[in-house]
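Participant: Dropping the structure in here first, questions after.
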Amino acid sequence: MKTLVTILMVALISATISANPSSKGDYVLTKDGKLVAAKVHLGFFKIHAKSTDGCVAEVNYNDVVTFQKNGETFVKKPLYNGKELSGEVFMKKISWRNGLGLYCYEDPSLGAKENKRYFVFKDENTLWLEVDSKSAENIKNFYNRM
């Protein structure tokens, strides 16, 4: 009897968690604080965050620090072309290990097939290296992905 009650409790708790639309973890983090959302939509000039009760908040891209959409985290990072700073862009966080983060940037200025550039950052804004053909295998082995 105790086993049956335990199974029913686990089933009810699991159903409650899976029915929660924000359990995917979509959110927008701004300079002022975190806004949790059930759905995040990317607009031309703003990110639209829809809450579970249907309210929609619009946040300018300049104010966004990071956001998560469909389980993927995007962080605003400095973009370097060579050693020259080109500005800040959103990069997808791939992995983090031993204080080094691997990020992917889909560069629209490159061809459609080979538009992904990978960067390793030492901390939030310090570029460690841009992954190239020479370092790709070592980076792939270090992070076990790419």
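Each reported figure results from applying straightforward, stated rules to the coordinates on display, with no laboratory input. Remember, predicted model here, so these are calculated numbers, not experimental data. Counting neighbours? That spans all protein chains shown, and the Cβs are built from the backbone with ideal geometry, glycine included.
Participant: Taking amide H positions as placed 1.01 Å from N in the peptide plane, with prolines and chain starts having none, which residues 5 or more places from residue 39, or on another chain, fall under 5 Å of its amide H?
Facilitator: Counting only residues 5 or more places away or on other chains, the set is 50.
Participant: If you don't mind, there's one more thing I want to ask. Dipole size in debye (nearest 20) for segment 22-63 around its Cα centre, Lys and Arg Cβ +1, Asp and Glu Cβ -1?
Facilitator: It works out to roughly 120 debye.
Participant: Would you kindly state how much longer the chain becomes between residue 63 and residue 125 on full extension, computed as 0.36 nm times their sequence separation minus their alpha carbon distance, in nm to one decimal?
Facilitator: 20.7 nm
Participant: Return the ratio Rg/(2.2 N^0.38 Å) for segment 71-146, where Rg is computed over Cα atoms only.
Facilitator: Ratio of Rg to 2.2 N^0.38 Å for segment 71-146: 1.03.
Participant: Something else now. Name the long-range amide H neighbours of residue 30: under 5 Å, sequence gap of 5 or more, or other chain; modelled H, no Pro or chain starts.
Facilitator: When sequence neighbours closer than 5 places are left aside, the close amide H contacts are 35, 65.
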